[in-house]
Amino acid sequence: DLVCETGGSEWYTTWYACGTGLGPDYAVCQMPWTYYFKWIKNCNTVLSLYQADPSEDKAAGAGIAYAMRAMFYMDLARMFSPRTYGEDQSSPTVQLVLETTSLTDLPSNARATNADMWAQIISDLDNAESLIANYQRSDKYSPDLSVVYGLKARAYLTMETWAEAEQY
């Protein structure tokens, strides 16, 4: 599960950044940090607004934010953990930054373990599942319950909990 970026459209000019560009000399390795954590911040903002006023008309938006944050952390955990969840639950992933994380906590925010990261992902997906249970999406770009179920199946596959993966 590595992010592959092609450098061209023919065999001669195509190169894969996942094989050569994940070192400190390449800008491509900054892309997940630059984009993913901005998207996570946006999800956290939506969740903070919902928690300040948990009205029914905001529930679907919060559910979407939980689903999207879970998906982003799922990608980051698989990209940056040296070992899979099944291999080593104590292996570090990335820092968890939630809507409750204060700015003063960020400098000392250690990388979450696989166990902590995947517990947060499942928690976010559980919240999403309950908040968007009756949500009908108007386009294919917004997650609905089927997407949450797909993300849960994917998470449980990564965690190697086969019965739960089969359920979803």
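Counting only residues at least eight positions apart within a chain, or on another chain, the aspartates and glutamates with an alpha carbon under 13 Å from that of Lys41 are Glu99.
Note on Lys140: lysines with a C-alpha under 21 Å away, same-chain residues under 8 apart excluded, are Lys58, Lys152.
Once both labels are positioned 7 Å from their Cα atoms along Cα-to-Cβ, the gap between Ser90 and Asp57 label points is 5.1 nm.
Under the 0.36 nm per residue contour assumption, what length would be gained going from the current alpha-carbon distance of Lys41 and Tyr149 to full extension? Gain on stretching Lys41 to Tyr149: 36.5 nm.
Using θ = phi - 60° in the Karplus curve 6.51 cos²θ - 1.76 cosθ + 1.60, the 3J(HN,Hα) couplings for segment 65-78 round to 4, 4, 5, 5, 4, 4, 5, 5, 5, 4, 5, 5, 4, 6 Hz; x is entered for Gly and Pro. Any chance you could check the Cα centroid distance between segment 35-55 and segment 81-131 for me, in angstrom? So the separation of the two Cα centres works out to 16 Å. Sorting the segments 160-167, 74-81 by their residues' average number of neighbouring beta-carbon atoms within 10 angstrom, most packed first, yields 74-81, 160-167.
Neighbours of Tyr149 by Cβ distance under 15 Å: Lys/Arg scored +1, Asp/Glu scored -1, total -3. Highest mean first, the peptides 140-153, 119-132, 97-110 sorted by other C-beta atoms within 10 Å per residue fall in the order 119-132, 140-153, 97-110.
We did not get these values from a lab; they are worked out from the coordinates using the rules stated. This is a predicted model, so every value here is computed, not measured. Ideal geometry is used to build each Cβ from the backbone, glycine not excepted, and the neighbour counts take in all protein chains shown.
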